[in-house]
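Notes for the one structure printed next.
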Ligand SMILES: Cc1cc2nc3c(=O)[nH]c(=O)nc-3n(C[C@H](O)[C@H](O)[C@H](O)COP(=O)(O)OP(=O)(O)OC[C@H]3O[C@@H](n4cnc5c(N)ncnc54)[C@H](O)[C@@H]3O)c2cc1C
């Protein structure tokens, strides 16, 4: 990515065909899709890329088995096809995980779930009436043929315990096994933005859109404020796209009739992370009953166990959603009951909460029942707003938006994103690791950056200091801090710890004070030209940022 200074110079006072507001997965997708169809594109993000809901998801690229209960069949089918496509386009970053639904003692296997899983399998196939073997041997690589996971099956006790040894004390009979995919949501956003830039899009974070400019009732661009200087600048645009997720109803309301804009019904989801010594699901994920016919899951993620999520209507501060104390208790109760463990709040290595941008229909449904469908709105000003949806369906949402622009402009510009790789894959053993960089670090770099991991390794090879871990015992390297500042527009310690790496969520207790982040702040400061005093100030600002995110479980839970 361009540096912030260069991006600001490219954007301020210029004219673009498409101006995207919001640097979450949806905005990144729109910028990528539009740029790859030949539009000139700029994207402005108020905080940091993915700072909103796109860094706070459950990290699953999935069809959403539970939406079958609501008969959201179109949504599930669409998401399953996208899931397959994402594994194909970003194999280093989106990977399948086996999910288990175990049954115990006298319990009979849940037949209803079995039917649901059959539907899930059928909906994930791209050619009805042809077996997977036939499809594989046909070598037909047309656009309808993608990677697809194995069908679900029932596995016996031995295989259950092989996958999840910690279930032994609960004495499982057997389990349903099916597949869904996982990712790192922020890295997905950064990867999409990187691809958008390859097609000429320019993006800037720390740039809040404060006004949608208009002439004769038509949106003609935006005014924004750059965070560090506080300076206002304007950007002219033929098309303005509002991709601000849960904030979508706050952009340009003066230009819209009430019925032309979405009304957001925010719903908060809390997640907690545990050390695998305290709770491990081995190499698989488990679906865990959580009372009242609700389920949560426990997933392996970055060497920790991720437990989530809750889904409750939320009327708190959507700018700083924090894990709710009751929600944390609810999640811990559910896993303790299921696994026979006794983990408490003080055992957590991290926690986070996100707010879903669900669209209110005015119907007083609970948030769990509100559809995850995306909605595209066009106001009389011409501004397009795209919100709702899921991390998994970002590409479809972007396509839907840019298709509308293309139609409006009468252009011949088909969408290419189903064929464009996201980053470049590189296996861990292709990477040359300098001394002191272990296998775990190399594998994590290959997952996170794909082929570009070699940039990190080169830096680590040039300077032994940069080959050191950011947090002792974790595989993330100080060289990544340099890359974050140099190539990914990171501006502060929180940008690195909460988003470029996920250490703030994975090792919060080790990051409680300013001293713990001093080497990181120094590496960042060296890149960003900070004085010694600023390095100290930035390190000292971190504990407040950690508390604001609610990521440190021993900190205040609200
Ligand atoms: C708890 C939870 C779990 C989830 N789990 C999953 C899952 O496992 N799989 C899945 O597929 N989906 C999941 N989702 C849904 C998914 O995370 C969201 O649908 C998706 O991330 C929304 O992305 P977005 O880009 O629309 O919004 P956001 O990521 O919120 O992006 C909007 C951006 O706009 C910026 N912005 C706001 N106002 C302005 C302004 N004035 N100027 C400039 N920028 C501005 C914000 O800073 C923000 O970065 C989950 C959601 C939640 C809450």
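Which value, to two decimals, describes the C-alpha radius of gyration of the range 391-492 once divided by 2.2 N^0.38 Å?
Relative to the 2.2 N^0.38 Å estimate, the range 391-492 comes out at 1.46.
Expressed in nm to one decimal, what extension gain is obtained for the pair residue 168 and residue 5 from 0.36 nm per residue of sequence separation less their Cα-Cα distance?
So the chain would gain 53.1 nm between residue 168 and residue 5.
Provide Rg over Rh for the range 18-67; use the alpha carbon set for both Rg and the Kirkwood Rh (inverse mean inverse pair distance).
1.08
Sorted by mean Cβ packing within 10 Å, highest first, what order do the peptides 249-259, 184-194, 21-31, 508-518 take?
Those peptides, ordered most packed to least, come out 21-31, 184-194, 508-518, 249-259.
Taking the Cα-to-Cβ direction at residue 215 and at residue 232 and moving 7 Å from each Cα, how far apart do the two end points lie in nm?
The modelled label-to-label distance comes out at 1.9 nm.
Please give the length that would be gained between residue 532 and residue 159 if that part of the chain were fully extended, namely 0.36 nm times their separation in residues minus their C-alpha to C-alpha distance (nm, one decimal).
Full extension of this stretch gives 128.7 nm more.
Could you grab the relative contact order for the range 151-199? Cα pairs under 8 Å, six or more apart, rounded to a whole percent.
Result for the range 151-199 is 39 percent.
Would you work out the relative contact order for the range 1-86, in percent, from Cα pairs under 8 angstrom that are 6 or more residues apart?
22
Based on the Kirkwood radius over alpha-carbon pairs, what value in µm²/s does the Stokes-Einstein equation return for the translational diffusion coefficient of the range 248-380 at 37 °C and 0.692 mPa s?
Reported coefficient: 199 µm²/s.
Any idea how far the Cα center of the range 417-483 sits from the one of the range 233-253, in Å?
If we compute the Cα centre of each part, the gap is 35 Å.
Under Stokes-Einstein, with the Kirkwood radius over Cα pairs standing in for Rh, what whole-number D in µm²/s applies to the range 256-322 at 37 °C and 0.692 mPa s?
Once the numbers are plugged in, D ends up at 229 µm²/s.
Sorted by mean Cβ packing within 10 Å, highest first, what order do the peptides 298-310, 102-114 take?
The peptides rank, most packed first, as 298-310, 102-114.
What whole number of Å gives the distance from the Cα centroid of the range 66-111 to the Cα centroid of the range 495-523?
Value for the Cα centre distance between the two parts: 33 Å.
Determine, from the Cβ-Cβ distance of residue 277 and residue 346 and an R0 of 25 Å, the FRET efficiency 1/(1 + (r/R0)^6), rounded to the nearest 0.05.
For residue 277 and residue 346, the calculated efficiency is 0.95.
Run the paramagnetic zone check for residue 257: 7 angstrom along Cα to Cβ, then residues of the range 372-408 with backbone nitrogen under 18 Å.
376-385
222 nm [θ] for the chain, helices only, -39500 (n - 2.57) per DSSP H run of 4+, per residue, to 500?
-9500 deg cm²/dmol
Which percent of Cα pairs goes in each bin when the distances of the range 312-456 are cut into 5 angstrom slices starting at zero?
Per 5 Å bin, starting at zero, the Cα-Cα P(r) for the range 312-456 comes out as 2, 7, 10, 9, 11, 12, 14, 15, 10, 6, 3, 1, 0 percent.
Starting with the highest mean, order 6-19, 336-349 by the number of other Cβ atoms within 10 Å, averaged over the residues of each peptide.
Highest mean packing first, the order is 6-19, 336-349.
Taking every Cα atom in the chain, find the radius of gyration and the maximum pairwise distance Dmax, and write them in Å.
23.1, 71
In whole percent, what relative contact order does the chain give with Cα contacts below 8 Å and a gap of six or more residues?
19
Pulled fully out, how much extra length does the chain show between residue 111 and residue 407, if you take 0.36 nm times their separation in residues and subtract their Cα-Cα distance?
Between residue 111 and residue 407, full extension yields an extra 101.9 nm.
FYI, it's all coordinate maths here, none of it is from the lab. Not measured: the values here are computed from a predicted model. With ideal geometry, Cβ positions are generated from the backbone for all residues, glycine too; neighbour counts draw on all protein chains shown.
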